[in-house]
């Protein structure tokens with residue numbers, strides 16, 4: 001990374017951590033390059049005493065060229081079956097056209113590696129590869145939201161959650177689409193070397209540090225475009241603009257000129273969730289924005305977003321994001337003006 005300037009952080013003299021990025025071609029190029037850049041960036045930050053990570057890119061196929069979905073070919077360091085050194089962290093990447101690859105020898109190798117490695121991770125649709133190897137059975141896992149239903153259908157033993165950026169269950173990590181692989185790799189760097197190192201890596205990549213694993217993959221308000229019914233689209237916009245009002249099914253059904261029972265059925269069919277859950281997600285999203293952009297007290301934010309109390313907002317944040325409002329603010333709030341206080 002020429003041209004980068006930073007204050008090197010002294011690392012311990014421990015050996016570098018072995019990271020293997022395993023591509024199942026054709027891969028989504030950024031799924032591979034994103035985590036690779038993060039681990040390489042950590043080596044730059046910790047470069048005063050040698051690399052923090054020994055990173056190797058290997059292919060699931062014997063030939064050294066890893067084809068990319070966008071037409072960019074990547075040169076691998078080798079073939080996965082020729083790996084001899086222990087693997088600490090394995091990151092599996094693929095693409096929509098290779099996610100359903102079935103190879104019993106490959107799956108067996110993944111099982112054996114997962115039993116020895118400290119961490120095994122998938123980026124985006126590579127969750128299908130881990131699931132095929134049985135590594136996600138009875139585990140919580142995520143993938144790109146557009147493929148989550150397919151993952152659940154093909155592998156019913158997986159506890160698929162389409163919402164989070166990434167999920168850890170035991171030593172298995174799964175992440176959502178494309179740039180979520182960067183979030184996951186940053187979380188691993190923080191796990192290994194602390195927040196200060198991960199922050200420097202994130203700064204050099206010009207990305208946010210630590211979107212929490214539970215943070216939603218996309219804005220709730222985008223789902224207002226998903227409904228084919230103009231009346232529901234308008235209602236969803238109204239809900240977003242009136243979060244501090246009564247958003248009960250009865251109230252919403254009257255606005256939609258439908259019976260409560262029919263409204264609930266149609267709303268769930270169109271959006272995939274209940275009206276109450278949709279309202280809750282809208283409120284969390286609005287509260288997140290205020291926590292990030294204002295110095296309002298948590299109690300004031302809770303009231304303005306329609307939560308009956310700050311405690312209810314706290315419980316909802318823990319349920320949806322696995323983080324409290326105060327902890328979320330500490331991570332994501334823009335720098336406050338001098339002398340301002342926060343609750």
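Can you name the number of the only condition in (1) more than 19 Å from residue 185 (Cα to Cα); (2) surrounded by 19 or more Cβ atoms within 10 Å (Cβ to Cβ) that residue 109 fails?
(2)
Does residue 44 qualify as being assigned to a loop (DSSP other than H, G, I, E, B) and either within 27 Å of the chain's Cα centre (by Cα) or not assigned by TED's automatic domain parsing to the domain that holds residue 125 (or both)?
Considered against the rule, which asks whether it is assigned to a loop (DSSP other than H, G, I, E, B) and either within 27 Å of the chain's Cα centre (by Cα) or not assigned by TED's automatic domain parsing to the domain that holds residue 125 (or both), residue 44 comes out as no.
Against the conditions (1) crowded, with 17+ Cβ neighbours inside 10 Å; (2) under 23 Å from residue 112 (Cα atoms); (3) in contact (Cβ under 8 Å) with a residue 40 or more places away in the chain, where does residue 177 fall short? Just the number, please.
In the conditions (1) crowded, with 17+ Cβ neighbours inside 10 Å; (2) under 23 Å from residue 112 (Cα atoms); (3) in contact (Cβ under 8 Å) with a residue 40 or more places away in the chain, residue 177 misses (2) alone.
Looking at the range 63-74, can you tell me whether even one residue there is buried (at least 22 other Cβ atoms within 10 Å of the Cβ), modelled with pLDDT of 95 or more and assigned to a loop (DSSP other than H, G, I, E, B)?
Within the range 63-74, the first condition is being buried (at least 22 other Cβ atoms within 10 Å of the Cβ), and the residues that meet it are 66.
Filter once more, so that each one left must be modelled with pLDDT of 95 or more: 66.
In the following step, the residues that additionally are assigned to a loop (DSSP other than H, G, I, E, B) were identified as none.
There is no residue in the range 63-74 that is buried (at least 22 other Cβ atoms within 10 Å of the Cβ), modelled with pLDDT of 95 or more and assigned to a loop (DSSP other than H, G, I, E, B).
Considering (1) over 24 Å from the mean Cα position of the chain (by Cα); (2) at pLDDT below 95; (3) farther than 26 Å from residue 202 by Cα, say which one residue 79 fails and leave the rest.
Only one criterion in (1) over 24 Å from the mean Cα position of the chain (by Cα); (2) at pLDDT below 95; (3) farther than 26 Å from residue 202 by Cα is unmet by residue 79, namely (2).
Exactly one of (1) free of Cβ contacts under 8 Å to residues at least 24 places away in the same chain; (2) crowded, with 16+ Cβ neighbours inside 10 Å; (3) closer than 29 Å to residue 328 by Cβ is unmet by residue 238. Its number?
Failing condition for residue 238: (2).
Looking at the range 232-244, can you tell me whether even one residue there is modelled with pLDDT of 80 or more, out of contact with any helix residue (DSSP H, G or I) (no Cβ under 8 Å at 6 or more places or on another chain) and not in a helix (DSSP H, G or I)?
The answer is yes, given that some residue of the range 232-244 is modelled with pLDDT of 80 or more, out of contact with any helix residue (DSSP H, G or I) (no Cβ under 8 Å at 6 or more places or on another chain) and not in a helix (DSSP H, G or I).
The values are calculated or read from the model by the stated rules, or taken from the named source; none is laboratory data. Keep in mind it's a predicted model, so treat the numbers as computed, not measured. Cβ sites come from the backbone with ideal geometry, for glycine too, and all protein chains shown count toward neighbours.
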